[in-house]
Amino acid sequence: MNALRSIAAISFASVLALSACSGKTPGNGGDGPDASTPGDPDGAPPPPPLDSDGDGLSDEEELADGSDPNDPDSDDDGLDDGREDDYGSDPNDSDSDDDGLTDGEEDQIGTNPIDEGCENQDAEASAGKLPADIIIAFDNSTSMGQEATAVEANINDDLVGVLEEDDIDFRIIALADFPPTNAENGIDPTDPNMCIGPPLATNDCANLGAQTKSNNNDRFIQYDQPIGSDDALRTILLELDDPAGDIAPAQYPGGWGQHLREDAIRIFIIITDDEASSSPNVQTFDTDFKAKVAAKFPGGTPELRYIMHSILGMAAKPDGTAWLPSEAVQTAQCTPGSEDEGRTYQQISINTGGLRFPLCNVNDASPDNDNFDEIFNAIADNVVNEVSLPCTFTPNAEQQNLDFEGTKLIYRPQGTGPLEAFDEVTPETCGDASNAFYKIEDGEVPVFELCPATCDRVSADPTGKINLIIDCDIQIG
(Lines give C-alpha, C1' and ligand atoms only; values in the text may rest on other atoms or scores of the structure.)
Protein backbone atom coordinates (compact mmCIF):
# COMPACT_ATOMS: atom_id res chain seq x y z
CA MET A 1 0.00 0.00 0.00
CA ASN A 2 2.83 2.46 0.86
CA ALA A 3 4.48 1.74 -2.46
CA LEU A 4 1.25 2.47 -4.28
CA ARG A 5 0.92 5.78 -2.42
CA SER A 6 4.46 6.75 -3.35
CA ILE A 7 3.83 5.96 -7.01
CA ALA A 8 0.62 7.95 -6.91
CA ALA A 9 2.41 10.91 -5.36
CA ILE A 10 5.14 10.83 -8.00
CA SER A 11 2.54 10.60 -10.78
CA PHE A 12 0.59 13.53 -9.39
CA ALA A 13 3.76 15.60 -9.08
CA SER A 14 4.58 14.79 -12.70
CA VAL A 15 1.14 15.95 -13.77
CA LEU A 16 1.66 19.24 -11.89
CA ALA A 17 4.99 19.77 -13.58
CA LEU A 18 3.61 19.09 -17.06
CA SER A 19 0.59 21.29 -16.45
CA ALA A 20 2.79 24.14 -15.34
CA CYS A 21 4.71 23.91 -18.59
CA SER A 22 1.51 24.10 -20.66
CA GLY A 23 -0.06 26.84 -18.60
CA LYS A 24 -2.71 24.49 -17.21
CA THR A 25 -3.37 22.87 -13.90
CA PRO A 26 -5.39 19.74 -13.27
CA GLY A 27 -9.06 20.52 -13.07
CA ASN A 28 -8.65 24.00 -14.52
CA GLY A 29 -10.35 23.04 -17.74
CA GLY A 30 -8.28 25.25 -20.03
CA ASP A 31 -5.87 28.15 -20.30
CA GLY A 32 -5.76 31.16 -17.99
CA PRO A 33 -4.77 31.99 -14.47
CA ASP A 34 -5.21 29.58 -11.61
CA ALA A 35 -7.85 30.66 -9.16
CA SER A 36 -5.40 29.96 -6.31
CA THR A 37 -2.97 32.63 -7.54
CA PRO A 38 -5.13 35.62 -8.43
CA GLY A 39 -3.57 38.20 -10.64
CA ASP A 40 -0.78 35.90 -11.83
CA PRO A 41 -1.45 35.09 -15.51
CA ASP A 42 1.27 32.43 -15.56
CA GLY A 43 0.24 30.69 -12.31
CA ALA A 44 3.75 31.25 -10.82
CA PRO A 45 4.16 31.65 -7.01
CA PRO A 46 4.47 35.20 -5.71
CA PRO A 47 8.02 36.59 -5.36
CA PRO A 48 9.66 36.21 -1.91
CA PRO A 49 9.49 39.18 0.44
CA LEU A 50 12.23 41.72 -0.16
CA ASP A 51 15.30 41.20 2.10
CA SER A 52 17.60 44.05 1.10
CA ASP A 53 20.44 43.18 3.49
CA GLY A 54 20.25 39.40 3.24
CA ASP A 55 19.99 38.77 6.96
CA GLY A 56 17.05 36.38 6.75
CA LEU A 57 14.43 38.95 7.76
CA SER A 58 12.26 40.73 5.24
CA ASP A 59 12.37 44.50 4.99
CA GLU A 60 8.79 44.53 6.24
CA GLU A 61 9.74 42.48 9.33
CA GLU A 62 12.76 44.68 10.05
CA LEU A 63 10.68 47.84 9.84
CA ALA A 64 8.21 46.29 12.27
CA ASP A 65 11.07 45.37 14.65
CA GLY A 66 12.71 48.76 14.36
CA SER A 67 15.91 47.33 12.87
CA ASP A 68 17.64 48.58 9.73
CA PRO A 69 16.52 46.70 6.60
CA ASN A 70 19.71 47.82 4.84
CA ASP A 71 22.12 46.62 7.55
CA PRO A 72 22.34 42.89 8.37
CA ASP A 73 23.64 43.70 11.88
CA SER A 74 21.76 46.77 13.03
CA ASP A 75 23.49 47.07 16.43
CA ASP A 76 26.96 45.97 15.23
CA ASP A 77 27.26 43.29 17.91
CA GLY A 78 28.48 40.53 15.59
CA LEU A 79 25.09 38.78 15.43
CA ASP A 80 22.94 39.18 12.30
CA ASP A 81 19.43 40.48 12.81
CA GLY A 82 18.05 37.15 11.60
CA ARG A 83 19.94 35.28 14.34
CA GLU A 84 18.76 37.89 16.84
CA ASP A 85 15.22 37.02 15.80
CA ASP A 86 15.95 33.31 16.36
CA TYR A 87 17.16 34.02 19.90
CA GLY A 88 14.53 36.62 20.67
CA SER A 89 17.27 39.14 21.47
CA ASP A 90 17.04 42.85 20.71
CA PRO A 91 18.53 43.68 17.27
CA ASN A 92 19.04 47.26 18.43
CA ASP A 93 20.83 46.41 21.70
CA SER A 94 24.32 44.95 21.44
CA ASP A 95 24.01 43.40 24.94
CA SER A 96 20.40 42.30 25.28
CA ASP A 97 20.76 40.82 28.78
CA ASP A 98 23.20 43.46 30.12
CA ASP A 99 25.73 40.89 31.30
CA GLY A 100 28.83 42.57 29.88
CA LEU A 101 29.06 40.32 26.81
CA THR A 102 27.69 41.35 23.42
CA ASP A 103 25.02 39.17 21.82
CA GLY A 104 27.52 38.14 19.13
CA GLU A 105 30.09 37.15 21.74
CA GLU A 106 27.53 35.05 23.57
CA ASP A 107 26.60 33.29 20.33
CA GLN A 108 30.30 32.66 19.74
CA ILE A 109 30.97 31.06 23.13
CA GLY A 110 27.67 29.18 23.36
CA THR A 111 25.78 31.18 25.97
CA ASN A 112 22.31 32.67 25.62
CA PRO A 113 22.28 36.40 24.73
CA ILE A 114 18.96 36.93 26.51
CA ASP A 115 19.97 35.17 29.74
CA GLU A 116 22.70 36.72 31.91
CA GLY A 117 23.02 33.46 33.87
CA CYS A 118 22.46 32.93 37.56
CA GLU A 119 25.86 34.40 38.27
CA ASN A 120 28.16 36.48 36.12
CA GLN A 121 31.23 37.85 37.87
CA ASP A 122 32.91 40.52 35.77
CA ALA A 123 36.48 40.87 36.99
CA GLU A 124 38.78 43.51 35.66
CA ALA A 125 41.84 45.38 36.79
CA SER A 126 41.13 48.86 38.11
CA ALA A 127 43.61 51.28 36.56
CA GLY A 128 45.90 48.29 36.18
CA LYS A 129 46.01 47.16 39.81
CA LEU A 130 43.72 46.88 42.83
CA PRO A 131 44.80 48.16 46.25
CA ALA A 132 45.90 45.48 48.73
CA ASP A 133 45.28 45.55 52.49
CA ILE A 134 47.72 43.02 53.99
CA ILE A 135 46.85 41.87 57.51
CA ILE A 136 49.61 40.07 59.42
CA ALA A 137 48.43 38.11 62.47
CA PHE A 138 51.40 36.98 64.55
CA ASP A 139 51.17 34.42 67.35
CA ASN A 140 53.41 35.89 70.07
CA SER A 141 53.40 32.85 72.36
CA THR A 142 56.68 31.85 74.00
CA SER A 143 57.69 29.37 71.27
CA MET A 144 57.60 32.03 68.51
CA GLY A 145 60.67 34.11 69.40
CA GLN A 146 62.77 33.22 66.37
CA GLU A 147 59.80 33.79 64.04
CA ALA A 148 59.35 37.30 65.45
CA THR A 149 62.99 38.07 64.73
CA ALA A 150 62.65 36.65 61.20
CA VAL A 151 59.60 38.81 60.43
CA GLU A 152 61.36 41.93 61.70
CA ALA A 153 64.44 41.13 59.61
CA ASN A 154 62.70 40.28 56.33
CA ILE A 155 59.47 42.28 56.03
CA ASN A 156 61.04 45.46 54.64
CA ASP A 157 63.23 43.93 51.92
CA ASP A 158 61.43 40.75 50.94
CA LEU A 159 57.75 41.70 51.24
CA VAL A 160 57.66 45.48 50.94
CA GLY A 161 60.53 45.58 48.44
CA VAL A 162 58.72 43.39 45.91
CA LEU A 163 55.43 45.30 46.34
CA GLU A 164 57.16 48.63 45.80
CA GLU A 165 59.05 47.37 42.77
CA ASP A 166 55.74 46.43 41.13
CA ASP A 167 54.09 49.71 42.14
CA ILE A 168 51.44 48.04 44.31
CA ASP A 169 49.17 50.28 46.38
CA PHE A 170 49.48 48.39 49.66
CA ARG A 171 48.79 48.92 53.33
CA ILE A 172 50.10 46.55 55.99
CA ILE A 173 48.15 46.12 59.23
CA ALA A 174 50.12 44.07 61.76
CA LEU A 175 48.21 42.52 64.66
CA ALA A 176 51.14 41.90 67.00
CA ASP A 177 52.30 42.88 70.47
CA PHE A 178 54.55 45.94 70.43
CA PRO A 179 57.26 46.23 73.10
CA PRO A 180 57.37 46.14 76.00
CA THR A 181 55.68 42.92 77.05
CA ASN A 182 54.64 43.36 80.65
CA ALA A 183 52.40 41.67 83.16
CA GLU A 184 50.27 44.81 83.59
CA ASN A 185 48.66 44.06 80.26
CA GLY A 186 48.14 40.40 81.11
CA ILE A 187 51.05 39.28 78.95
CA ASP A 188 53.86 36.96 79.94
CA PRO A 189 56.98 39.18 79.95
CA THR A 190 58.96 36.33 78.40
CA ASP A 191 56.74 36.22 75.31
CA PRO A 192 58.18 37.69 72.10
CA ASN A 193 57.02 41.01 70.72
CA MET A 194 57.44 42.71 67.37
CA CYS A 195 58.95 46.05 66.36
CA ILE A 196 59.18 47.00 62.68
CA GLY A 197 61.83 49.54 61.72
CA PRO A 198 62.43 51.80 58.71
CA PRO A 199 61.51 52.28 55.98
CA LEU A 200 58.09 50.70 56.62
CA ALA A 201 57.81 52.22 60.10
CA THR A 202 59.99 54.83 61.78
CA ASN A 203 60.71 53.02 65.02
CA ASP A 204 64.24 52.92 66.41
CA CYS A 205 63.69 49.37 67.62
CA ALA A 206 67.12 49.21 69.28
CA ASN A 207 66.40 52.25 71.41
CA LEU A 208 62.69 52.64 72.11
CA GLY A 209 63.13 54.26 75.50
CA ALA A 210 59.68 55.15 76.86
CA GLN A 211 57.96 54.49 73.51
CA THR A 212 55.08 52.00 73.96
CA LYS A 213 53.30 52.28 70.59
CA SER A 214 54.56 51.94 67.02
CA ASN A 215 55.23 55.00 64.90
CA ASN A 216 52.70 54.25 62.18
CA ASN A 217 51.90 55.84 58.83
CA ASP A 218 49.49 55.46 55.93
CA ARG A 219 51.24 52.29 54.67
CA PHE A 220 51.94 50.58 57.99
CA ILE A 221 49.78 50.27 61.10
CA GLN A 222 50.81 48.06 64.00
CA TYR A 223 47.73 47.33 66.06
CA ASP A 224 49.23 46.60 69.48
CA GLN A 225 47.49 43.35 70.35
CA PRO A 226 48.98 40.07 71.56
CA ILE A 227 47.70 36.87 69.91
CA GLY A 228 47.72 33.62 71.84
CA SER A 229 48.90 30.33 70.45
CA ASP A 230 45.46 29.20 69.26
CA ASP A 231 43.35 32.33 68.89
CA ALA A 232 44.50 34.18 65.75
CA LEU A 233 41.11 33.82 64.04
CA ARG A 234 39.16 34.82 67.13
CA THR A 235 41.40 37.85 67.73
CA ILE A 236 41.08 38.98 64.11
CA LEU A 237 37.28 39.03 64.41
CA LEU A 238 37.02 40.45 67.93
CA GLU A 239 39.53 43.24 67.36
CA LEU A 240 38.29 44.24 63.92
CA ASP A 241 35.59 46.43 65.47
CA ASP A 242 36.49 46.41 69.19
CA PRO A 243 35.23 49.68 70.73
CA ALA A 244 38.08 49.65 73.26
CA GLY A 245 40.72 49.17 70.60
CA ASP A 246 44.21 47.77 71.14
CA ILE A 247 45.79 47.23 74.56
CA ALA A 248 45.86 50.24 76.90
CA PRO A 249 46.64 52.96 76.37
CA ALA A 250 44.60 52.40 73.21
CA GLN A 251 45.98 53.90 70.03
CA TYR A 252 43.03 52.81 67.87
CA PRO A 253 39.67 52.75 69.69
CA GLY A 254 37.13 51.09 67.41
CA GLY A 255 39.41 48.30 66.21
CA TRP A 256 41.87 47.64 63.40
CA GLY A 257 39.08 47.50 60.79
CA GLN A 258 39.05 51.30 60.59
CA HIS A 259 42.19 51.05 58.47
CA LEU A 260 40.60 48.88 55.77
CA ARG A 261 39.93 50.47 52.39
CA GLU A 262 36.66 49.86 50.61
CA ASP A 263 38.04 48.76 47.25
CA ALA A 264 41.09 46.82 48.47
CA ILE A 265 41.52 43.08 48.37
CA ARG A 266 42.27 41.67 51.87
CA ILE A 267 45.33 39.44 52.14
CA PHE A 268 46.05 37.71 55.45
CA ILE A 269 49.40 36.31 56.53
CA ILE A 270 48.90 34.04 59.55
CA ILE A 271 52.08 33.08 61.42
CA THR A 272 51.66 30.45 64.14
CA ASP A 273 53.04 27.08 65.20
CA ASP A 274 49.72 25.85 66.67
CA GLU A 275 46.16 24.96 65.68
CA ALA A 276 43.22 27.39 65.89
CA SER A 277 40.71 26.97 68.68
CA SER A 278 37.38 25.38 67.81
CA SER A 279 35.65 28.73 67.58
CA PRO A 280 35.33 30.25 65.08
CA ASN A 281 35.42 27.38 62.62
CA VAL A 282 36.24 27.79 58.94
CA GLN A 283 32.72 28.71 57.80
CA THR A 284 31.96 30.97 60.76
CA PHE A 285 35.16 32.93 60.25
CA ASP A 286 34.34 33.45 56.58
CA THR A 287 30.76 34.56 57.26
CA ASP A 288 31.59 36.82 60.21
CA PHE A 289 34.60 38.45 58.59
CA LYS A 290 32.68 39.39 55.45
CA ALA A 291 29.76 40.69 57.52
CA LYS A 292 32.04 42.87 59.64
CA VAL A 293 33.81 44.28 56.58
CA ALA A 294 30.48 45.06 54.91
CA ALA A 295 29.32 46.82 58.09
CA LYS A 296 32.37 49.09 57.92
CA PHE A 297 31.08 50.58 54.66
CA PRO A 298 27.31 51.07 55.06
CA GLY A 299 25.70 51.84 51.75
CA GLY A 300 28.91 51.01 49.91
CA THR A 301 30.09 48.02 47.93
CA PRO A 302 33.32 46.94 49.67
CA GLU A 303 35.56 44.25 48.27
CA LEU A 304 34.73 41.13 50.33
CA ARG A 305 37.15 38.73 48.67
CA TYR A 306 40.15 37.79 50.79
CA ILE A 307 43.10 35.44 50.62
CA MET A 308 44.77 33.80 53.59
CA HIS A 309 48.40 32.77 53.34
CA SER A 310 49.62 30.72 56.29
CA ILE A 311 53.05 30.02 57.77
CA LEU A 312 52.44 27.03 60.03
CA GLY A 313 53.89 24.06 61.86
CA MET A 314 53.05 21.85 58.88
CA ALA A 315 55.36 19.50 57.01
CA ALA A 316 57.46 20.93 54.21
CA LYS A 317 56.69 20.16 50.59
CA PRO A 318 59.29 17.75 49.15
CA ASP A 319 60.44 20.24 46.50
CA GLY A 320 60.70 23.05 49.05
CA THR A 321 58.04 25.25 47.43
CA ALA A 322 54.72 26.45 48.84
CA TRP A 323 51.75 24.14 49.19
CA LEU A 324 49.19 25.26 46.58
CA PRO A 325 45.40 25.65 46.97
CA SER A 326 44.92 22.60 44.76
CA GLU A 327 46.84 20.41 47.24
CA ALA A 328 45.16 18.78 50.21
CA VAL A 329 45.40 19.70 53.89
CA GLN A 330 48.68 18.32 55.24
CA THR A 331 48.39 16.17 58.35
CA ALA A 332 52.07 15.96 59.29
CA GLN A 333 54.06 18.48 61.33
CA CYS A 334 57.47 19.89 60.61
CA THR A 335 60.24 19.57 63.14
CA PRO A 336 61.70 20.82 65.33
CA GLY A 337 59.58 23.33 67.21
CA SER A 338 56.08 22.77 65.85
CA GLU A 339 53.07 22.45 68.16
CA ASP A 340 50.53 21.54 65.45
CA GLU A 341 50.15 21.49 61.66
CA GLY A 342 47.28 24.04 61.78
CA ARG A 343 44.60 22.27 59.75
CA THR A 344 41.97 25.01 60.24
CA TYR A 345 44.30 27.68 58.86
CA GLN A 346 45.27 25.34 56.03
CA GLN A 347 41.65 24.85 55.03
CA ILE A 348 40.98 28.58 54.93
CA SER A 349 44.11 29.04 52.81
CA ILE A 350 42.86 26.37 50.40
CA ASN A 351 39.36 27.87 50.25
CA THR A 352 40.65 31.37 49.54
CA GLY A 353 43.46 30.54 47.12
CA GLY A 354 46.29 31.13 49.59
CA LEU A 355 49.74 29.59 49.87
CA ARG A 356 50.95 27.48 52.82
CA PHE A 357 54.49 27.32 54.19
CA PRO A 358 56.23 25.43 57.03
CA LEU A 359 57.87 27.63 59.68
CA CYS A 360 60.35 25.14 61.08
CA ASN A 361 63.25 26.50 59.04
CA VAL A 362 63.09 29.65 61.15
CA ASN A 363 62.48 27.79 64.37
CA ASP A 364 65.88 26.16 64.70
CA ALA A 365 69.35 27.02 65.89
CA SER A 366 70.72 27.91 62.45
CA PRO A 367 69.87 31.49 61.40
CA ASP A 368 71.54 30.92 58.02
CA ASN A 369 68.83 28.34 57.29
CA ASP A 370 65.97 30.79 57.82
CA ASN A 371 63.74 31.04 54.76
CA PHE A 372 61.38 33.89 55.61
CA ASP A 373 62.97 35.82 52.76
CA GLU A 374 61.75 33.17 50.31
CA ILE A 375 58.34 33.02 51.98
CA PHE A 376 57.80 36.77 51.88
CA ASN A 377 59.03 36.91 48.29
CA ALA A 378 56.53 34.23 47.26
CA ILE A 379 53.69 35.97 49.08
CA ALA A 380 54.62 39.32 47.53
CA ASP A 381 54.62 37.76 44.05
CA ASN A 382 51.19 36.30 44.79
CA VAL A 383 49.91 39.70 45.88
CA VAL A 384 51.17 41.23 42.62
CA ASN A 385 49.27 38.57 40.67
CA GLU A 386 46.07 38.94 42.65
CA VAL A 387 45.79 42.71 42.38
CA SER A 388 46.38 42.60 38.63
CA LEU A 389 43.61 40.18 37.68
CA PRO A 390 42.14 37.52 39.95
CA CYS A 391 43.29 33.95 39.46
CA THR A 392 40.68 32.57 41.87
CA PHE A 393 36.90 32.88 41.49
CA THR A 394 34.50 32.02 44.29
CA PRO A 395 30.76 31.96 43.47
CA ASN A 396 28.31 33.66 45.78
CA ALA A 397 27.32 31.05 48.39
CA GLU A 398 23.96 32.77 48.89
CA GLN A 399 22.89 32.28 45.25
CA GLN A 400 20.51 29.32 45.02
CA ASN A 401 20.39 26.51 42.45
CA LEU A 402 23.71 27.21 40.78
CA ASP A 403 24.65 24.57 38.22
CA PHE A 404 28.44 24.31 38.30
CA GLU A 405 28.63 21.86 35.43
CA GLY A 406 29.55 23.77 32.32
CA THR A 407 30.82 26.83 34.19
CA LYS A 408 32.59 29.18 31.80
CA LEU A 409 35.58 31.48 32.33
CA ILE A 410 35.76 34.02 29.52
CA TYR A 411 38.88 36.15 29.03
CA ARG A 412 39.13 39.37 27.02
CA PRO A 413 42.81 40.35 26.47
CA GLN A 414 43.57 44.04 26.96
CA GLY A 415 39.89 44.56 27.77
CA THR A 416 38.97 44.94 24.09
CA GLY A 417 40.48 41.89 22.36
CA PRO A 418 38.55 38.90 21.03
CA LEU A 419 36.99 36.67 23.67
CA GLU A 420 38.59 33.39 24.70
CA ALA A 421 36.67 30.65 26.48
CA PHE A 422 39.12 28.90 28.83
CA ASP A 423 39.09 25.10 29.04
CA GLU A 424 38.15 23.34 32.28
CA VAL A 425 40.79 20.75 33.24
CA THR A 426 42.00 19.10 36.43
CA PRO A 427 44.91 20.41 38.53
CA GLU A 428 46.99 17.44 37.42
CA THR A 429 46.49 18.20 33.72
CA CYS A 430 47.16 21.96 33.85
CA GLY A 431 50.70 21.57 32.57
CA ASP A 432 51.77 24.69 30.67
CA ALA A 433 48.24 25.49 29.45
CA SER A 434 47.76 29.24 29.10
CA ASN A 435 43.99 29.04 28.63
CA ALA A 436 42.71 26.67 31.30
CA PHE A 437 41.18 26.51 34.78
CA TYR A 438 40.15 23.86 37.28
CA LYS A 439 37.57 23.41 40.01
CA ILE A 440 38.24 22.89 43.75
CA GLU A 441 35.31 21.33 45.60
CA ASP A 442 36.41 21.25 49.25
CA GLY A 443 34.13 24.05 50.51
CA GLU A 444 30.40 24.79 50.52
CA VAL A 445 30.66 26.03 46.94
CA PRO A 446 33.44 25.17 44.50
CA VAL A 447 36.29 27.55 43.81
CA PHE A 448 37.52 28.05 40.25
CA GLU A 449 41.27 28.53 39.93
CA LEU A 450 43.27 29.47 36.85
CA CYS A 451 46.08 27.07 35.98
CA PRO A 452 49.53 28.49 36.85
CA ALA A 453 50.54 29.41 33.30
CA THR A 454 47.10 30.92 32.66
CA CYS A 455 47.34 32.93 35.88
CA ASP A 456 50.76 34.23 34.84
CA ARG A 457 49.37 35.24 31.47
CA VAL A 458 46.34 37.18 32.68
CA SER A 459 48.24 38.70 35.60
CA ALA A 460 50.59 40.30 33.10
CA ASP A 461 47.62 41.93 31.37
CA PRO A 462 46.82 45.10 33.37
CA THR A 463 43.72 45.95 31.33
CA GLY A 464 42.31 42.47 30.73
CA LYS A 465 38.85 41.28 31.80
CA ILE A 466 37.52 37.91 32.90
CA ASN A 467 33.91 36.77 33.26
CA LEU A 468 32.86 33.79 35.38
CA ILE A 469 29.49 32.60 34.05
CA ILE A 470 27.41 30.03 35.93
CA ASP A 471 24.00 28.75 34.86
CA CYS A 472 21.06 27.82 37.10
CA ASP A 473 19.97 24.30 37.84
CA ILE A 474 16.30 24.78 37.02
CA GLN A 475 14.13 22.71 39.33
CA ILE A 476 10.53 21.91 38.33
CA GLY A 477 7.86 20.74 40.76
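For residue 64, all conditions in the list (1) within 22 Å of residue 52 (Cβ to Cβ); (2) open to solvent by less than 50 Å² (accessible area, probe 1.4 Å) hold save one; what is the number of the exception? Only one criterion is unmet by residue 64, namely (2).
One residue stands out among those in the range 423-443 that are of a type in the set (Asp, Glu) and in contact with a helix residue (DSSP H, G or I) (Cβ under 7 Å, 6 or more places away or on another chain): the one that is farthest from residue 347 (Cα to Cα), which is 432. Scanning the range 436-444 finds no residues that are open to solvent by 20 Å² or more (accessible area, probe 1.4 Å), out of contact with any Gly (no Cβ under 6 Å at 6 or more places or on another chain) and assigned to a helix (DSSP H, G or I).
Just name the residue that is farthest from residue 341 (Cα to Cα) out of those in the range 213-239 that are in contact with a Pro (Cβ under 7 Å, 6 or more places away or on another chain) and open to solvent by 10 Å² or more (accessible area, probe 1.4 Å). Please lay out each step first, then the result.
Within the range 213-239, the subset in contact with a Pro (Cβ under 7 Å, 6 or more places away or on another chain) is 233-234, 237.
Applying the additional criterion that residues be open to solvent by 10 Å² or more (accessible area, probe 1.4 Å) yields 234, 237.
Details: 234: 18, 237: 22 Å.
So, considering only residues that are in contact with a Pro (Cβ under 7 Å, 6 or more places away or on another chain) and open to solvent by 10 Å² or more (accessible area, probe 1.4 Å), the one farthest from residue 341 (Cα to Cα) is 237.
Among the criteria (1) more than 21 Å from residue 288 (Cα to Cα); (2) open to solvent by 30 Å² or more (accessible area, probe 1.4 Å); (3) free of Cβ contacts under 8 Å to residues at least 60 places away in the same chain, the one residue 243 does not fulfil is (1). Of the candidates 332, 294, the single residue that is over 20 Å from residue 273 (Cα atoms) and either of a type outside the set (Lys, Arg) or open to solvent by 40 Å² or more (accessible area, probe 1.4 Å) (or both) is 294. Residue 456 passes every criterion in (1) touching a residue at least 40 places away in the same chain (Cβ under 8 Å); (2) out of contact with any Leu (no Cβ under 8 Å at 6 or more places or on another chain); (3) within 23 Å of residue 347 (Cβ to Cβ) apart from (3). On the stretch given as the range 75-99, residues that are open to solvent by 30 Å² or more (accessible area, probe 1.4 Å) and within 15 Å of residue 51 (Cα to Cα) total 3. The criterion of being over 25 Å from residue 392 (Cβ atoms) and without any contact (Cβ under 8 Å) to a residue 40 or more places away in the chain does not hold for residue 225.
Residues that are of a type outside the set (A, V, I, L, M), open to solvent by less than 50 Å² (accessible area, probe 1.4 Å) and part of a loop (DSSP other than H, G, I, E, B) within the range 246-265 comprise 246, 252, 254, 255, 261, listed in sequence order.
Do the conditions hold for residue 349, that is, is it surrounded by 14 or more Cβ atoms within 10 Å (Cβ to Cβ), among the polar types (S, T, N, Q) and part of a loop (DSSP other than H, G, I, E, B)?
Values: surrounded by 14 or more Cβ atoms within 10 Å (Cβ to Cβ): yes; among the polar types (S, T, N, Q): yes; part of a loop (DSSP other than H, G, I, E, B): no.
No: the conditions fail for residue 349.
If you go through the range 290-303 one residue at a time, do you hit one that is among the aromatic types (Phe, Trp, Tyr) and closer than 19 Å to residue 374 by Cβ? Looking for residues that are among the aromatic types (Phe, Trp, Tyr) and closer than 19 Å to residue 374 by Cβ, one finds none in the range 290-303, hence no. Taking first residues from the range 300-316 that are polar (S, T, N, Q) and partners that are open to solvent by less than 10 Å² (accessible area, probe 1.4 Å) and not in a strand (DSSP E or B), the Cβ contacts under 7 Å between residues at least 6 apart in sequence or on separate chains come to 310/342; 310/345; 310/346; 310/349; 310/354.
Against the conditions (1) assigned to a loop (DSSP other than H, G, I, E, B); (2) within 20 Å of residue 141 (Cα to Cα); (3) among the aliphatic types (A, V, I, L, M), residue 316 satisfies every one except (2).
Inside the range 98-217, counting only strands (runs of 3 or more DSSP E) that do not spill past its ends, which hold 1 or more residues that are in contact with a Lys or Arg (Cβ under 7 Å, 6 or more places away or on another chain) and modelled with pLDDT of 85 or more? I'd like the intermediate steps shown before the answer.
Working: elements: 119-124, 132-138, 170-176.
Strands (runs of 3 or more DSSP E) meeting the threshold: 132-138, 170-176.
The values are calculated or read from the model by the stated rules, or taken from the named source; none is laboratory data. Quick caveat, the model's predicted, so the values are computed rather than measured. No Cβ is skipped: glycine too gets one built from the backbone with ideal geometry, and neighbour counts run over all protein chains shown. The accessibility values were calculated without ligands, DNA or RNA, using every heavy atom of the protein model including side chains. Shrake-Rupley method; radii C 1.70, N 1.55, O 1.52, S 1.80 Å.
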